[in-house]
Amino acid sequence: MRSSLEIRFHGRGGQGVVTASNLLAVSAGLEGLYSSAFPIYGAERRGAEIESYCRISDSPIRETSPIEEPDVVVILDPTLLKISNPLKGLKKEGKVLLNWKQVPPNLSSKLFLVDATGIAIEHKLVKSGWPLVNVVMLGALVKVLGTPSLDSLKTAIDSEFSESVAELNKKAVEVAFNRVMEVGSVVA
């Protein structure tokens, strides 16, 4: 791993964006890396736009400000591409992981796709009619990043959820890990 990695998550209230960044930080910590995770809330209601951040580093992390120039942007809800700019500040060599089945227009970054919604439904990870895509996205993300490992992610999942929910999520992250695909740079 390089010295520091900054990941910004975008989703909607109720999708588990905060839980996703926390689980990624815990997974990194299990591998002896330094990590921090924290959210920024707008209107605190289900469906509102939410950002959450995770920093991973080989050395202690002292910065606590929001991530303005991420190395990676993770988008749990693709409709956010139409109503806001989740790619703002993305580094030129940055990566985008998107919960989607097909290549969206107007992206000019290294793009990775995974159908986290489909995987969540397939594994019965649905609550109040909403597919729970947050943990599924992490399976794809650890593949894209190369760190932390899938095993560390599964250990973090075990520490966060009850045994039955953890098992469903661990199966789903394995599927996402194997199904994420790089679609290259999509130029607008």
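The values are calculated or read from the model by the stated rules, or taken from the named source; none is laboratory data. Predicted model only: the values in this text are computed from it and were never measured. Cβ coordinates were reconstructed from backbone atoms using ideal geometry, including for glycine residues, and neighbour counts include every protein chain displayed.
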> What about Pro148, is it buried (at least 20 other Cβ atoms within 10 Å of the Cβ) and either part of a loop (DSSP other than H, G, I, E, B) or modelled with pLDDT under 95 (or both)?
Replying inline: yes
> Pick from Leu111, Leu97: which is touching a residue at least 24 places away in the same chain (Cβ under 8 Å) and over 20 Å from Ile56 (Cβ atoms)?
Replying inline: Leu111
> Residue check: is Lys110 in contact with a strand residue (DSSP E or B) (Cβ under 7 Å, 6 or more places away or on another chain) and basic (Lys, Arg)?
Replying inline: yes
>> Please pick out the residue among Arg2, Arg8 that is surrounded by fewer than 16 Cβ atoms within 10 Å (Cβ to Cβ) and either modelled with pLDDT of 95 or more or in a loop (DSSP other than H, G, I, E, B) (or both).
In response: Arg2
> Does the stretch 35-82 hold any residues that are of a type in the set (A, V, I, L, M, F, W, C), part of a strand (DSSP E or B) and at pLDDT 95 or above, and which are they?
Replying inline: Ala37, Cys54, Ile56, Val72, Val73, Val74, Ile75
